[in-house]
């Protein structure tokens, strides 16, 4: 099996230097298939047709052999059921490789996919927005040793629209429909149209990788991307960290004042989480965050009052009314020493409070942010990809005792900054941290 010639030809031209390079993101028509008078071409089916998902050990063994014999990078994607299920597990895995074609895998009956991981261990994996899929792929035993993230590459290259559909249209001349992106991929059987949509997500990934890699070379950013991709691989290899006090992320909790009211949020959050985990249902489908906040504010003592609050009108929510009332009663009965305690601040305070608490630090932060903004604009980068905002806040709030380019660089590296990021901004940040005479 071979890839479509026009895409390969144009990508090769870019890598050979035959395409237009001006240090800026390419305009539509600069790369991809030959320009077409009627605009981008809708991509409605994979080149070899839509494959049926592999769901038996024999089918898995066959595709493992095909992908082991394939050549070049492997395009990888996964579909979850966010908003429908409690976990973030993968309910479909898609792959494509030259010589192997496209395959779909139903991981539910198969579970572990370590044999596939071994077959493509030496290949570069191509993903779009890799940080979204790496955790669920790792759960299946799939962990890349090398990767290329097309979304991250597009950000580094300065493209404003970095969604997969936007990039394939701009750079390859094909449009992808994304109307199944929020579907419930845990449902079975999966409709044929969904399978086609999933297969198309990896259809052009390697072609897109080639064009973006050439663009990064043209902009002298290939080494930057390599450092970012290596950091992603290292991050994906780590076990997921559990957030302390996850109930504090309830939407709208900023409106809740007082430890007793926060205890009500906590009690209802954990009651909901227990039910959601048991049902394997997204917590928001059991009880919306807004309903938890409303109940925490009013603290109803009986079911009749509770069911008048916003978010408690659904039939399934009403059936659990006693659960919510019991959770509120549990919070009400807590002794004072069992109430939530505000955790110690990890890092500097919110920036809007700096001017009041430490005007000198606020001025440092403003100067450091200006450095980041100017440097990012000079190199056609989003500021958050140049350096994380949290790193700048920490640096400005607690700068090194002796401010030099070397100490600033060491501090940034301690916050996880990559070498290319440190090289671009450490010198100017050291000047920004030093107050003017």
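The values are calculated or read from the model by the stated rules, or taken from the named source; none is laboratory data. Note that the coordinates shown come from a computational prediction; the quantities given were computed from them, not determined experimentally. So basically every Cβ, Gly included, is an ideal-geometry build from the backbone, and we count neighbours across all protein chains shown.
Residues 131, 82: which one is in the same structural domain as residue 39 (by TED's automatic domain parsing), in contact with a strand residue (DSSP E or B) (Cβ under 9 Å, 6 or more places away or on another chain) and surrounded by fewer than 19 Cβ atoms within 10 Å (Cβ to Cβ)? It would help to see each step written out before you state the result.
Details: 82 fails: in contact with a strand residue (DSSP E or B) (Cβ under 9 Å, 6 or more places away or on another chain).
Among 131, 82, only 131 is in the same structural domain as residue 39 (by TED's automatic domain parsing), in contact with a strand residue (DSSP E or B) (Cβ under 9 Å, 6 or more places away or on another chain) and surrounded by fewer than 19 Cβ atoms within 10 Å (Cβ to Cβ).
Scan 267, 263, 276, 237 and give me the residue that is modelled with pLDDT of 95 or more and closer than 25 Å to residue 140 by Cα. Reasoning before the result, please.
Values: 267 fails: closer than 25 Å to residue 140 by Cα; 263 fails: closer than 25 Å to residue 140 by Cα; 237 fails: modelled with pLDDT of 95 or more.
Going through 267, 263, 276, 237 in turn, just one is modelled with pLDDT of 95 or more and closer than 25 Å to residue 140 by Cα: 276.
Quick test for you: out of 177, 215, 227, 223, pick the one residue that is farther than 30 Å from residue 279 by Cα, under 19 Å from the mean Cα position of the chain (by Cα), in contact (Cβ under 8 Å) with a residue 60 or more places away in the chain and not assigned by TED's automatic domain parsing to the domain that holds residue 385.
On the way: 177 fails: under 19 Å from the mean Cα position of the chain (by Cα); 215 fails: under 19 Å from the mean Cα position of the chain (by Cα); 223 fails: under 19 Å from the mean Cα position of the chain (by Cα).
Every option except 227 fails the conditions.
Within segment 146-180, being in a loop (DSSP other than H, G, I, E, B) and either surrounded by 14 or more Cβ atoms within 10 Å (Cβ to Cβ) or touching a strand residue (DSSP E or B) at 6+ places or on another chain (Cβ under 7 Å) (or both) holds for 157, 158, 159, 162, 163, 173, 176, 177, 178, 180.
Of all residues in segment 87-124, those being in a strand (DSSP E or B) and either touching a helix residue (DSSP H, G or I) at 6+ places or on another chain (Cβ under 8 Å) or surrounded by 22 or more Cβ atoms within 10 Å (Cβ to Cβ) (or both) number 12. When segment 246-260 is limited to residues that are under 22 Å from the mean Cα position of the chain (by Cα) and more than 17 Å from residue 310 (Cβ to Cβ), the one that is surrounded by the fewest Cβ atoms within 10 Å (Cβ to Cβ) turns out to be 249. Per the conditions (1) under 22 Å from residue 87 (Cα atoms); (2) assigned by TED's automatic domain parsing to the domain that holds residue 156; (3) not in a helix (DSSP H, G or I), the sole criterion not satisfied by residue 198 is (3). All of (1) surrounded by 15 or more Cβ atoms within 10 Å (Cβ to Cβ); (2) outside any helix (DSSP H, G or I) hold for residue 263 with one exception: (2). For beta carbons closer than 7 Å, sequence separation of 6+ or different chains, a first residue in segment 66-79 that is assigned to a helix (DSSP H, G or I) and a second that is modelled with pLDDT of 95 or more and buried (at least 24 other Cβ atoms within 10 Å of the Cβ), the qualifying pairs are 67/74; 67/95; 67/97; 67/116.
Do we find a residue being in contact with a helix residue (DSSP H, G or I) (Cβ under 9 Å, 6 or more places away or on another chain), assigned by TED's automatic domain parsing to the domain that holds residue 321 and over 21 Å from residue 322 (Cβ atoms) anywhere in segment 274-282? There is at least one residue in segment 274-282 that is in contact with a helix residue (DSSP H, G or I) (Cβ under 9 Å, 6 or more places away or on another chain), assigned by TED's automatic domain parsing to the domain that holds residue 321 and over 21 Å from residue 322 (Cβ atoms).
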